[in-house]
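S.K.: Have a look at this one.
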Number of protein chains: 2
Amino acid sequence: MRPPLPYPSTSPSVSAPARTLARDLPSVPPGTAVRLQGWVHRRRELSTVTFLVLRDRTGLAQVVIRTAAGPDGVGHGAPDVPPEETTVEVNGTVTANPQAPGGVEITGPASAGTSDAGSGESGPVITPLTDLAETPPVELWRPTLTAALPTLLDHAAVAWRHPAQKARWEVAAASLRGFRATLDAAGFTEVCTPKLVGTATESGANVFPVDYFGRPAYLAQSPQFYKQQLVGVFERVYEVGPVFRAEPHDTVRHLAEYRSLDVELGFVRDHRDVLAVLRDVLAGMADAVRASGAAERLGVEVPKVPDRFPVLHFADALELVGAPADEPDLAPEHERALGQWALAEHGSDFVAVEGYPMAKRPFYTHPESAHPEPGSGPEASRWSNSFDLLFRGLELVTGGQRLHRYADYVAAIEARGEDPASYASYLEAFRHGMPPHGGFAIGLERWVARLVGATNVREVTPFPRDLHRLVP
Amino acid sequence: MRPPLPYPSTSPSVSAPARTLARDLPSVPPGTAVRLQGWVHRRRELSTVTFLVLRDRTGLAQVVIRTAAGPDGVGHGAPDVPPEETTVEVNGTVTANPQAPGGVEITGPASAGTSDAGSGESGPVITPLTDLAETPPVELWRPTLTAALPTLLDHAAVAWRHPAQKARWEVAAASLRGFRATLDAAGFTEVCTPKLVGTATESGANVFPVDYFGRPAYLAQSPQFYKQQLVGVFERVYEVGPVFRAEPHDTVRHLAEYRSLDVELGFVRDHRDVLAVLRDVLAGMADAVRASGAAERLGVEVPKVPDRFPVLHFADALELVGAPADEPDLAPEHERALGQWALAEHGSDFVAVEGYPMAKRPFYTHPESAHPEPGSGPEASRWSNSFDLLFRGLELVTGGQRLHRYADYVAAIEARGEDPASYASYLEAFRHGMPPHGGFAIGLERWVARLVGATNVREVTPFPRDLHRLVP
């Protein structure tokens, strides 16, 4: 047999120190030899000194290479610093410098004799790990990315390396952590539901057809039917996954594929119990974003999630914004006005609007239990036990209580002129005992965009998909 | 405006106790009035007593209803216990009973006067929360589900309610928690990459075509290209998401849609560094499964993940199993034999096979750095820096080091007769500086199946998708 390889791999040089991350440099005692790895974020050549700013996953580190001065007092021969974006290893010494970021910089080894750069400079040793990088399509070292959105999207793999862009995704990743941590602690079970489905979830419109072994299939528009069925198994479930909408409109708030943070729970009394869980979830997400430090680096304020969201009934919301009482939905300007109202009256970035008209909600929506129309059955109720949550004047979450009785489903489906038989496998759960339940779905991209102040969800999505964009 | 509704919703009866979960009953002092909610798991009517086993998300609770005996000493009138699977609320009193599960059961209220059942029994009050359930298609109260797999799959929403089936998914959910916790602690960033792609990821075969606004698109077979690009941004990334394979074969280990646990990391020396991360990830997953208690309830042993996996070179593995030296891949019987070898020689449920022939690996695979063929360039090397990890004799993970130089990609793609231009946006990342990197992908369903001893991945997947199955 072959001789065993080292495992985990040992460093090529056994005496080399372990890798130090940029974030940890301020706590390394000056004079310590360190090994850094990362990208050349910026190189700046002055007459006798070259600055290299190294970028790794935790931040930036300043590396200083002093060029030996000639008899004329001017440096000769540019030091061998690779171009920006080249990945390098830097071996040098930690040196205190109050002007440097974090109060430290990397300079030449304390003992110049250990340098193997062979260039005669006194600077630290810089070793490229790959070929020298070509000039990036966007200037990553500038404090802000100034390129137009299409350029940023076309060159996403490179543009996302910018620290501010990277921090936007760190807000998203922290939000996912906070979402799961809150729900795990509350007895929820994470589930995975199929994205390939035999029938369109909620309507025949806006679905992507798939050729499934020669048969028609569709991409799931939401995990709605499955998360409800799984309430029958686990009571409380959540899923983070892609959902697909063949949105024919090109707007700043819609994507053809986005991340839906779905929650569903049983044994609720009505949608207000669902709203209470939503509050805890958003508070957990906000806390995790705060803890990540990404919002602070972006200079954006993480919303304070109130103990209870202000809640308005849909009818009252219409009245408040001066809309006709028979409007079936809230227009974007209404949402903005309600956001301003919540901030002014309740100091809240959030406001929930409950009771949306049944006519505008999907068939599984539970009619309003508090204010039914006189003498009417469930399907004839005008209002519903559903809500939208507005975040800074924009719809962020849709949720509510669902029907839980089999007969109500049959009636609701038939009332829409559809055949309950085409929902047979979904409805089976309700024939065999389902508790009163409800849930909600948060759009991750909308949450992040609103939080970081991006006007277009594409600005916070690494590889967005829309009417025009399928690449990269 | 309408009067505000209670928020969170208050109980219909203000004096009713908060809900108690089955799991918590043993720690409730006997004599305490409790309110339980859940499903009628089993009802068993004897002459003077009816047992109702209630199932909630945390377990089972025994409820005892004593029927008033008539002058003949026999109970008269069956108590009003709804049929199995009906969701109910039970109000009763905790009573010690060493024979009952957990040592406690629920009996009638200490003070009979508070009963509002109106049925004259002395049992606890049982209130259906929905219509009475129809008889389930499978008998959920039996210790094991005896129905055939197609029946279980056809009636998934109900069959998964069985405690043993539910515990299988709890193994999966715990595994996801352990996966993320391990990687979060190691500085990895969770990413979300598109599932709708413009070109097939690794080959034109086995992809599902999608009608994307009238243009052709495909479902991603893996997040490979995107996770590599994001190593350029975050260094260390992971993703849990669906991947899609139009598998034309109907086997016990393949699904058309499954959950891939993807990891990719930069600044590695070779694939052995990747293997070290894989070890930690699997150890974290096994720990989380152990902590969940689900494996214990299933009576299965959670594997001990060794500090280091035994590693065999592909050439040595062939020799060990007595296969010809020019075999390009390991057959299932070879994998089984290697699993037995690892257990016998190293006491390990895991064994890694490294150095797979380049010819059987995707174009982005890094050739072997330790044992290159004499005088050959990277693309001519026979062996690769890639590995498979076998778990109990079955391939569970594929991983390895990837190419990181742009020129190597161009050469590798051209060597396969393809045009690098069709990979332009992927390759852009490599033109602008990518570190040596590698990663792996774990199939969630295979991991769970192997861990719980299921022979077919469909047994551990709530709504599997395959050649024949798109519903439910």
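S.K.: Where the label is 7 Å out from Cα toward Cβ, how close does A:ALA359 come to the same position in every other copy, in nm, shortest first?
M.R.: So the label point of A:ALA359 gives 7.0 nm to the other copies.
S.K.: Residues of region A:258-290 losing 40 Å² or more of accessible surface, assembly versus chain alone, probe 1.4 Å, please list them.
M.R.: A:ARG259, A:PHE267, A:ARG269, A:ARG272
S.K.: Using the Cα centre of the protein assembly as shown as the reference point, and only Cβ charges (+1 on K/R, -1 on D/E), how large is the resulting charge dipole? Debye, rounded to the nearest 20.
M.R.: Using only the charged Cβ atoms, the result is roughly 1180 debye.
S.K.: Still on this structure: Taking the Cα atoms only, what angle lies between the long axis of helix A:406-415 and the longest principal axis of chain A, rounded to 10 degrees?
M.R.: So the inclination is approximately 90 degrees.
S.K.: In nm, what does the list of distances from B:ASN456 to its counterparts in the other copies look like, shortest first, when each label sits 7 Å along Cα to Cβ?
M.R.: From this label point to the equivalent ones elsewhere in the assembly: 4.9 nm.
S.K.: Pop out the carbon and sulfur fraction of the accessible area of the protein assembly as shown as a percent, whole number, probe 1.4 Å.
M.R.: 52 percent
S.K.: Something else about it: Placing a label point 7 Å from Cα toward Cβ, how far apart in nm is B:GLY103 from its equivalents in the other copies, listed shortest first to one decimal?
M.R.: 5.6
S.K.: What does the convex hull of the Cα atoms come to per residue for region A:153-460, in Å³?
M.R.: So the per-residue Cα hull volume is 145 Å³.
S.K.: Something else: If each residue of separation counts as 0.36 nm, what is the full-extension length gain between B:ARG44 and B:SER422 once their alpha-carbon separation is subtracted?
M.R.: Full extension from B:ARG44 to B:SER422 adds 129.4 nm.
S.K.: Listed here are the pairs B:LYS166/B:LYS304; B:LYS195/B:LYS304; A:LYS304/B:LYS166; which of them are more than 32 Å apart at the Cα?
M.R.: B:LYS195/B:LYS304; A:LYS304/B:LYS166
S.K.: Can you work out which chain B residue has the shortest Cβ-to-axis distance for the rotation that carries B onto A, and give it in Å?
M.R.: Residue plus distance in Å, as requested: B:VAL210, 3.
S.K.: On a 0 to 90 degree scale, rounded to 10, what angle separates helix A:271-292 from the longest Cα axis of chain A?
M.R.: Once rounded, one gets 0 degrees.
S.K.: Ordered by residue, what ³J(HN,Hα) values in Hz, to whole numbers, does region A:246-253 give under the Karplus form 6.51 cos²θ - 1.76 cosθ + 1.60, where θ = phi - 60° and Gly and Pro are x?
M.R.: Result, rounded to whole Hz: 7, 5, x, 9, 9, 10, 6, 10.
S.K.: Please list the non-local residues whose amide H lies under 5 Å from the amide H of B:TYR212, H modeled 1.01 Å from N, same-chain partners needing a gap of 5 or more.
M.R.: It is B:ALA217, by chain and number.
S.K.: Can you pull out the buried accessible area for chains B and A, both sides counted, probe 1.4 Å, rounded to the nearest 100 Å²?
M.R.: Looking at B and A, the buried total is near 10700 Å².
S.K.: Just to confirm the number: angle between the C-alpha axis of helix B:224-234 and the first principal axis of chain B, 0 to 90 degrees, nearest 10?
M.R.: Computed tilt is about 90 degrees.
S.K.: Take peptide B:208-219, look around each residue's Cβ out to 10 angstrom, count Cβ atoms belonging to other protein chains, and average those counts.
M.R.: Other-chain Cβ atoms within 10 Å of each residue's Cβ, averaged: 5.
S.K.: Right, next: Nearest 500 deg cm²/dmol is fine: what mean residue ellipticity at 222 nm does chain A get from its DSSP H runs of n ≥ 4 alone, each adding -39,500 (n - 2.57), divided by its residue count?
M.R.: Roughly -7500 deg cm²/dmol at 222 nm, from the helical runs in chain A.
S.K.: In Å², and per residue, what accessible area does chain B have when probed at 1.4 Å with the other protein chains present?
M.R.: 38 Å²
The values are calculated or read from the model by the stated rules, or taken from the named source; none is laboratory data. All of these numbers come straight from a predicted model, not from anything done at the bench. Neighbour counts are summed over all protein chains in view; Cβ atoms, including those assigned to glycine, are modelled from backbone coordinates with ideal geometry. Just the protein is used for accessible areas: all its heavy atoms, side chains included, with ligands, DNA and RNA removed. Shrake-Rupley method; radii C 1.70, N 1.55, O 1.52, S 1.80 Å.
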